[in-house]
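The structure appears right after this line, and notes come after that.
All of the numbers you see were taken from the coordinates with simple rules; none came from a lab. What you are looking at is a predicted structure, and each value in this text was computed from that prediction instead of being measured. Cβ placement follows ideal geometry from the backbone for every residue including glycine, while neighbour counts extend to all protein chains displayed.
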Amino acid sequence: MYETPYHTKDLSQYSFLVTGGAGFIGSNIVEYLLKYRAGKVRVLDNFATGSHANIEEFKANSAFVLLEGDIRDLETCRKALEGIDYVSHQAALGSVPRSINDPITSNDVNVSGFLNMLVAARDAGVKRMVYAASSSTYGDHPDLPKVEDKIGRPLSPYAITKYVNELYGDVFSKTYDFHMIGLRYFNVFGPKQNPKGPYAAVIPLFIESALKGETPFINGDGETSRDFTFVENAVQANIKGMLVEKITQHEVVNIAFGERTTLNQLWSRINEVAGTEIKVQYREERKGDVKHSLASIDKAMNLFSYSPKIDINEGLKKAFYFYQQKLDSYM
């Protein structure tokens with residue numbers, strides 16, 4: 001992966017902080033930065049959802065630094081930001097069902113922890129901070145494709161926390177002249193995404209079912225659709241967003257591929273990749289889920305030349321190959 005560089009600067013001259021860097025998207029960002037010889041890549045993670053396995057290959061690299069700690073502690077955030085030029089803030093508690101079951105912890109991490117990072121990054125004088133926003137912010141707004149300035153009412157505690165992040169971003173931009181970019185991810189998938197646990201995402205769960213020859217479950221009738229986005233596209237957005245020369249206000253952009261796939265179509269494609277003919281089992285829809293999702297990516301293309309390279313078909317092949325090799329490590 002990451003055969004194409006998404007930057008033009010000499011990364012060896014800069015230091016980077018990736019919060020949640022032992023998680024799925026975070027560890028992929030770390031992989032890119034180290035591959036292209038960043039001067040320093042510091043990871044801040046409390047391993048609540050991250051994994052040492054995701055960063056094990058980096059520990060021998062002299063540019064890699066691991067700081068085990070929690071973004072809910074302001075002093076930990078300040079320590080993590082010492083000597084840092086660019087920040088990719090990925091640390092969060094994801095999952096709509098998790099937030100419904102435990103809204104307090106989701107709020108503590110996603111809102112209070114985010115605010116700690118904003119304060120610490122502002123005070124440290126970093127060149128740029130990008131952060132993981134979410135397509136869940138669109139809530140019940142019916143329009144497709146989703147455009148950044150048209151959102152509805154949130155449908156879950158998780159969606160509320162991610163919307164509050166954007167509100168804080170606006171306030172810090174207007175009040176402190178500290179401008180950052182929120183990346184509204186649309187259903188990111190790919191290598192290092194954990195298929196285990198009660199809040200696992202649909203694609204790693206489906207691939208695990210195909211590899212084991214087991215019947216997967218689909219919530220609802222399978223016609224729910226998503227703009228599935230391969231993780232390398234999300235990494236590209238983080239790199240370009242951090243390194244963009246100048247922004248004059250807080251910006252929020254959609255990060256997606258720009259195509260819609262139903263869950264029924266998704267399972268059909270995974271059957272093709274796996275060479276299987278397994279039927280699905282349907283069950284009731286989950287609370288808080290949005291029925292359809294599709295992104296306009298025009299704003300990200302204009303702001304920092306975002307150009308997703310890997311579509312869902314190629315992404316599924318890459319993800320399937322990864323889990324063929326690594327599934328046992330998640331047992």
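Note on the range 1-118: Cα-only Rg and Dmax are 14.4, 45 Å. Ordering Val164, Ser62, Phe228 by Cα displacement along the dipole of the chain toward the positive end leaves Ser62 in first place; charges were set at the Cβ atoms of Lys, Arg (+1) and Asp, Glu (-1). Apply the membrane-span-like helix rule to the chain: whole DSSP H runs, Cα extent along the own long axis of at least 24 Å, mean Kyte-Doolittle hydropathy at least -1.0. List the helices found. Helices passing the filter in the chain: 157-176. Taking packing as the residue-averaged number of other Cβ atoms within 10 angstrom, the listed peptides 252-264, 72-84, 268-280 run from highest to lowest as 252-264, 72-84, 268-280.
When only alpha carbons are used to place a centre, the range 261-291 and the range 78-149 end up 29 Å from one another.
For the range 221-331, the tally of Lys pairs with Cα-Cα distances below 20 Å comes to 9, considering only residues 8 or more apart or on different chains. Based on the Stokes-Einstein relation at 37 °C and a viscosity of 0.692 mPa s, and on the Kirkwood radius from alpha carbon pairs, the chain is assigned a translational diffusion coefficient of 165 µm²/s.
Taking the Kirkwood radius as Rh and the Cα radius of gyration as Rg, the range 198-331 has a ratio of Rg/Rh equal to 1.02. Each Lys and Arg Cβ is given +1 and each Asp and Glu Cβ -1; about its Cα centre, the chain then shows a dipole of about 280 debye. Seen from all directions on average, the range 70-198 presents a Cα convex hull projection of 8.8 nm². From the convex hull of the Cα coordinates of the range 189-262, what is the mean projected area in square nanometres? Result: 6.8 nm².
Annotation: extensible slack from Lys127 through Tyr321 equals 66.1 nm (criterion: 0.36 nm per residue apart, minus Cα-Cα distance). Between Ser112 and Val147, what FRET efficiency comes out of the Förster formula 1/(1 + (r/R0)^6) with R0 = 35 Å and r the beta carbon distance, rounded to 0.05? Between Val147 and Ser112 the formula returns 0.75. Per residue, the average separation of C-alpha pairs within less than 8 Å and at least 6 apart gives the chain a relative contact order of 18 percent. Taking 20 °C and 1.002 mPa s as conditions, the range 137-226 diffuses translationally at an estimated 134 µm²/s according to Stokes-Einstein applied to its Kirkwood radius (Cα pairs). Note on Tyr2 and Asn271: the model spin-label points, each 7 Å out from Cα along the C-beta direction, lie 3.6 nm apart. Volume per residue for the range 252-320 equals 107 cubic angstrom (convex hull of Cα atoms).
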